[in-house]
Ligand SMILES: O=C(O)CCC(=O)C(=O)O
Ligand SMILES: [Fe+2]
């Protein structure tokens, strides 16, 4: 397949976006190959075939959740699943199954409308109303994925993965973790969702009437790493029928953004110190929305891991810097023989003279600059 240059790629993306046909339109046009901007890099593609055939995420039966006898056991099951898998399905949750099926059918009906009727709703920018578009992160992602979205703010986000001519060259949804607190997901009977468990990709097989629940990055942070936000992906649909999922993201509001979030104090102790630093929602979102979905969890990307516990080593080489404090708990620094580093000690700036082979260790909230 010929390489695509950045200018050509941008033009093709724009043409696709402005055509408003979505991947459904491409599927219906009887194409035999997919546009190049859908083709994912080899490291993603080579991993697509590897999935476990035997493991499956826990299924938790919620019947009796309001009775004292069952409740404690269910709470334990949820805790265990959130700790070990970060993903589980719930059944007998009380939401009427016929209404769930009706929701799936309504989404199918929307996507199957003629282009003219549907394209009125196609909108790239987030906003009010019920926008429909192909790929939320179309211009930010390294490669586009084979799905269209119909989005409702404050309500479920139904997405639809059409069948595709070359399913081995792209994905339905790129491997990622969800940024928020919790995600609740409902899917039709067409498989495709997979969850990373240890080194394996595990199929999340549709359970009729079941909801799938997964832990997001935010919950991992406030639980101080106890609950796991795990990677998941959707394979490009090689079935003749569309895959439909309805995804509800529970995110944190920006309304009170002076407020700093971080690991809950009641979960911390000398044995379990905070492994993440505090941050505002704006800080948190800026990182997520500046990039497309990708396989690296936002927690890793965001440098909110403190300098111990979950070891995340960010190596930076820099020249000249203004006075600042480091966000983490501890910084380990190595310098060449040229002096310049100074540390604020009381009211004085003190030179940190290079000692050959020496490492400089700095604790939280000490100013430094040069
Ligand atoms: O469609 C699915 O099953 C998964 C969707 C998903 O992971 C997401 O939108 O974050
Ligand atoms: Fe997700």
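The values are calculated or read from the model by the stated rules, or taken from the named source; none is laboratory data. What you are looking at is a predicted structure, and each value in this text was computed from that prediction instead of being measured. Every residue, glycine as well, gets a Cβ built from its backbone with ideal geometry; the counts of neighbours run over all protein chains shown.
Tell me which of these residue 6 doesn't satisfy, since it passes every other one: (1) modelled with pLDDT under 90; (2) under 19 Å from residue 163 (Cβ atoms).
Evaluating residue 6 over (1) modelled with pLDDT under 90; (2) under 19 Å from residue 163 (Cβ atoms) leaves (2) as the failure.
In the set 17, 5, which member is surrounded by fewer than 10 Cβ atoms within 10 Å (Cβ to Cβ) and over 17 Å from residue 171 (Cβ atoms)?
Details: 17 fails: surrounded by fewer than 10 Cβ atoms within 10 Å (Cβ to Cβ).
After applying the criteria, what remains is 5.
Quick one: is residue 221 in contact with a strand residue (DSSP E or B) (Cβ under 8 Å, 6 or more places away or on another chain), crowded, with 18+ Cβ neighbours inside 10 Å and in a strand (DSSP E or B)?
On the way: in contact with a strand residue (DSSP E or B) (Cβ under 8 Å, 6 or more places away or on another chain): yes; crowded, with 18+ Cβ neighbours inside 10 Å: yes; in a strand (DSSP E or B): no.
Considered against the rule, which asks whether it is in contact with a strand residue (DSSP E or B) (Cβ under 8 Å, 6 or more places away or on another chain), crowded, with 18+ Cβ neighbours inside 10 Å and in a strand (DSSP E or B), residue 221 comes out as no.
State whether the residues of region 101-120 include one that is modelled with pLDDT under 85 and either over 25 Å from residue 9 (Cβ atoms) or over 23 Å from the mean Cα position of the chain (by Cα) (or both).
The answer is no; no qualifying residue exists.
For region 172-199, name all the residues that are assigned to a strand (DSSP E or B), touching a strand residue (DSSP E or B) at 6+ places or on another chain (Cβ under 6 Å) and more than 10 Å from ligand 1 (Cβ to nearest atom). Can you show your working first?
Restricting attention to region 172-199, the residues satisfying the condition of being assigned to a strand (DSSP E or B) are 172-176, 182-187, 193-197.
Then drop every residue that is not touching a strand residue (DSSP E or B) at 6+ places or on another chain (Cβ under 6 Å), which leaves 172-173, 175, 182-187, 193-195.
Answer for region 172-199, where residues must be assigned to a strand (DSSP E or B), touching a strand residue (DSSP E or B) at 6+ places or on another chain (Cβ under 6 Å) and more than 10 Å from ligand 1 (Cβ to nearest atom): 182, 184.
Looking at region 182-193 only, could you name the residues that are under 21 Å from residue 50 (Cβ atoms) and within 12 Å of ligand 2 (Cβ to nearest atom)?
The first filter runs over region 182-193 and keeps only residues under 21 Å from residue 50 (Cβ atoms), leaving 190-193.
Result: 193, single match.
All but one of (1) farther than 28 Å from residue 123 by Cα; (2) within 16 Å of ligand 2 (Cβ to nearest atom); (3) free of Cβ contacts under 8 Å to residues at least 40 places away in the same chain hold for residue 149, so report the exception by its number.
Going through the list (1) farther than 28 Å from residue 123 by Cα; (2) within 16 Å of ligand 2 (Cβ to nearest atom); (3) free of Cβ contacts under 8 Å to residues at least 40 places away in the same chain, residue 149 breaks only (1).
Taking residue 8 as the residue in question, decide whether it is farther than 12 Å from residue 143 by Cα and outside the structural domain of residue 233 (by the TED database).
yes
Suppose we filter 214, 224, 251, 237 for residues that are over 15 Å from residue 185 (Cα atoms) and within 12 Å of ligand 1 (Cβ to nearest atom); which single one remains?
Values: 214 fails: over 15 Å from residue 185 (Cα atoms); 224 fails: within 12 Å of ligand 1 (Cβ to nearest atom); 251 fails: over 15 Å from residue 185 (Cα atoms).
Of the residues listed, the single one that is over 15 Å from residue 185 (Cα atoms) and within 12 Å of ligand 1 (Cβ to nearest atom) is 237.
Modelled with pLDDT under 90 and more than 30 Å from residue 103 (Cβ to Cβ) - does that describe any residue in region 247-257?
Yes, region 247-257 has at least one match.
Working only within region 169-178, note down all residues that are farther than 12 Å from residue 237 by Cβ and either free of Cβ contacts under 8 Å to residues at least 12 places away in the same chain or more than 10 Å from ligand 2 (Cβ to nearest atom) (or both).
Step one: filter region 169-178 for residues farther than 12 Å from residue 237 by Cβ, giving 169, 174-178.
Result: 169, single match.
Inspect all residues belonging to region 237-245 and state whether any of them is within 12 Å of ligand 2 (Cβ to nearest atom), under 23 Å from residue 81 (Cα atoms) and buried (at least 17 other Cβ atoms within 10 Å of the Cβ).
Residues of region 237-245 within 12 Å of ligand 2 (Cβ to nearest atom): 245.
Subsequent filtering for residues that are under 23 Å from residue 81 (Cα atoms) retains 245.
This time we only want the ones that are buried (at least 17 other Cβ atoms within 10 Å of the Cβ), so: 245.
Taking every residue of region 237-245 in turn, at least one turns out to be within 12 Å of ligand 2 (Cβ to nearest atom), under 23 Å from residue 81 (Cα atoms) and buried (at least 17 other Cβ atoms within 10 Å of the Cβ).
Report, by residue number, each residue of region 194-212 that is surrounded by 22 or more Cβ atoms within 10 Å (Cβ to Cβ), within 16 Å of ligand 2 (Cβ to nearest atom) and closer than 18 Å to residue 91 by Cα.
Once the filter is applied, which keeps residues that are surrounded by 22 or more Cβ atoms within 10 Å (Cβ to Cβ), within 16 Å of ligand 2 (Cβ to nearest atom) and closer than 18 Å to residue 91 by Cα, region 194-212 yields 204, 212.
Within region 259-266, can one find any residue that is in contact with a strand residue (DSSP E or B) (Cβ under 9 Å, 6 or more places away or on another chain), at pLDDT 80 or above and not in a loop (DSSP other than H, G, I, E, B)?
Of region 259-266, the ones in contact with a strand residue (DSSP E or B) (Cβ under 9 Å, 6 or more places away or on another chain) are 260-263.
Pick out the ones that are also at pLDDT 80 or above and you get 260-263.
After this cut, where a residue has to be not in a loop (DSSP other than H, G, I, E, B) as well, the list is 261.
Looking for residues that are in contact with a strand residue (DSSP E or B) (Cβ under 9 Å, 6 or more places away or on another chain), at pLDDT 80 or above and not in a loop (DSSP other than H, G, I, E, B), one finds at least one in region 259-266, hence yes.
Any residue in region 216-232 that's under 17 Å from residue 266 (Cα atoms): show its pairings with residues that are in a helix (DSSP H, G or I) and within 16 Å of ligand 2 (Cβ to nearest atom) at Cβ separation under 6 Å, as long as the two are six or more apart or on different chains.
227/82; 227/219; 227/220
Does residue 58 meet the test of being more than 30 Å from residue 141 (Cα to Cα) and touching a helix residue (DSSP H, G or I) at 6+ places or on another chain (Cβ under 8 Å)?
So residue 58 passes the test.
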